[in-house]
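The values are calculated or read from the model by the stated rules, or taken from the named source; none is laboratory data. Keep in mind that what you see is a predicted model, and the values were worked out from it rather than measured. Positions of Cβ are generated from backbone atoms using ideal geometry, with glycine treated the same way; all protein chains shown enter the neighbour counts.
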């Protein structure tokens, strides 16, 4: 996972010091094992495959990760075909809460994915 993420960052930003970026991304090795990420060059978007069967589509701002720009959750969907239906209001609420997190949390991909997971768990518990 780390090498693929560094590779996608290198292709997007060939002059970036990938060692520095990897150090920021690899802040918590246990976290890296819980989630996986895919980069879409066409959309300049990262898809975070979050534990529990959700895919979070995260827009990467121009200049990220070198500039301290906040990431934005664009869309959320269930990645499991057999899962229960997710209401539009649930998705909108999670997106709104994620995008209103503090800027520091939304600048780091791992922190943002972790926060999205926490919001999902919290909201699913409140719906029960």
### Message
Out of everything in the range 101-126 that is closer than 17 Å to residue 74 by Cβ, in contact with a helix residue (DSSP H, G or I) (Cβ under 7 Å, 6 or more places away or on another chain) and in contact (Cβ under 8 Å) with a residue 12 or more places away in the chain, what residue ends up being surrounded by the most Cβ atoms within 10 Å (Cβ to Cβ)?
### Response
116
### Summary
Scanning the range 43-61 for residues that are assigned to a loop (DSSP other than H, G, I, E, B) and at pLDDT 85 or above gives 53, 60, 61
### Query
Is the range 74-81 home to any residue that is assigned to a helix (DSSP H, G or I) and surrounded by fewer than 18 Cβ atoms within 10 Å (Cβ to Cβ)?
no
### Test for residue 73: is it out of contact with any strand residue (DSSP E or B) (no Cβ under 9 Å at 6 or more places or on another chain) and either on the phi > 0 side of the Ramachandran plot or at pLDDT 55 or above (or both)
no
### Task
State all residues of the range 36-62 that are surrounded by fewer than 18 Cβ atoms within 10 Å (Cβ to Cβ) and in contact (Cβ under 8 Å) with a residue 60 or more places away in the chain; if no residue qualifies, say none.
51, 52
